[in-house]
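Please read the structure below before turning to the comments.
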Amino acid sequence: MNKKTGLVLEGGAMRGIFTAGVTDIMMENGIDFDGVIGVSAGAAFGCNYKSKQNGRAIRYNLKFCNDKRFCSVQSLIKTGDMFGAEFCYHELPSKHDIFDTKTFEENPQEFYVVCTDVITGKPVYKRLDKAEYNDLEWIRASASMPLASRIVEIDGYKLLDGGISDSIPLAYFQKIGYEKCVVILTQPKGYIKTPSKSIYAAKLMLRKYPELIKTLENRPEVYNKQVKYIRNEEKKGNVFVIAPEEKLPVNRVEHDADKLRAVYEIGRKIGKNRLNDLKAFLEK
């Protein structure tokens, strides 16, 4: 019996454009997976894998990176979301760069997103089979960065960025049956996460959610353990890892189209370079 194949997509805000470059190469070369799981930007861009829309993520990011409705301090002040909730997750995919909901829903590939429950501080994993308003809200929740987004209330949960509690959900995907996984990271090999400078602001702004604060404080330790686990799984032959060779030249929030394009091209180049090895891994 063939092992179920999974694609695990780390977040990282605009570092996710690197991932889009890699996944576009995969789609262009007919590489498919039984399931995809995305965190934060990995969810927001990774949904295009299930809808089979290679090129879409870089296209709309280049077009709207300087649009105040898409991402701006003005949007943060006006709405509480730096990335405009209604524009990014509903108006854009329905009017400006159409999301192929029909293909998304008909494709048997399973698609999961990861969010963080602000009450418990624990990850919430959600399988999305449709691309209706409620489903897109789950993707928004997965990508709702602390301090730059409102808490998203949906299906009885209060949610924020999935990267807070499970930045690279390989272990979860393995647990539910995905034995052979490809992991796309947005930090280079050897990266070690350190405490965020914004932790003090987060403690103040999110003080009503003590369990979430604990998770935020523990995030560097948890993340570094996850990376170590992934590398061990890679050595065992269970996982194929794709990562940038050095720190990506892009900010978490980026309005420079040239930088976005450059990071996308880095992803495409590495995707091409690893393509034969990736195919060999999946064919074993």
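About its Cα centre, the dipole of the range 148-216 is roughly 340 debye, where the only charges are +1 on Lys and Arg Cβ and -1 on Asp and Glu Cβ.
Count Lys and Arg as plus one, Asp and Glu as minus one, and take only other residues whose Cβ is under 11 Å from that of Val39; the net charge is then -3. Solvent-accessible area assigned to carbon and sulfur over the range 145-284 amounts to 50 percent, based on a 1.4 Å probe. Taking semi-axes √(5λ) of the Cα gyration tensor in Å as the quantity of interest, determine which of [x] 29, 22, 20; [y] 27, 26, 16; [z] 26, 22, 19 was computed from the displayed structure. Computed from the coordinates, semi-axes √(5λ) of the Cα gyration tensor in Å corresponds to [z]. Rounded to the nearest 20, the size of the Cβ-charge dipole of the range 14-88 about its Cα centre is 300 debye, with Lys and Arg at +1 and Asp and Glu at -1.
Structural descriptor for the chain: relative contact order 27 percent, calculated from alpha carbon pairs under 8 angstrom and at least 6 residues apart.
In this calculation the C-beta distance from Asp97 to Asp155 is compared with R0 = 25 Å, giving a FRET efficiency of 0.40. Only helices enter this figure: runs of n ≥ 4 DSSP H residues, each worth -39500 (n - 2.57), summed and divided by the residues of the chain, yield -13000 deg cm²/dmol at 222 nm to the nearest 500. Listed by chain and number, the lysines placed with their C-alpha closer than 23 angstrom to that of Lys50 are Lys3, Lys4, Lys63, Lys95, Lys102, Lys126, Lys130, Lys175, Lys180, Lys269, Lys272, Lys279; residues fewer than eight positions away on the same chain are left out. To put it simply, the accessible area of the range 1-68 at a 1.4 Å probe is 45 percent carbon and sulfur. Take the chain with all the other protein chains still there, run a 1.4 Å probe, and you get 48 Å² of accessible area per residue. When the Cα positions of Val36, Asn61, Tyr112 are compared along the charge dipole of the range 1-154, Asn61 comes out farthest toward the positive end, with charges on each C-beta of Lys, Arg, Asp and Glu.
The values are calculated or read from the model by the stated rules, or taken from the named source; none is laboratory data. All values reported here derive from a predicted model rather than from experimental measurement. With ideal geometry, Cβ positions are generated from the backbone for all residues, glycine too; neighbour counts draw on all protein chains shown. Please note that ligands, DNA and RNA were not included when accessible areas were found on the heavy atoms of the full protein model with its side chains. Shrake-Rupley method; radii C 1.70, N 1.55, O 1.52, S 1.80 Å.
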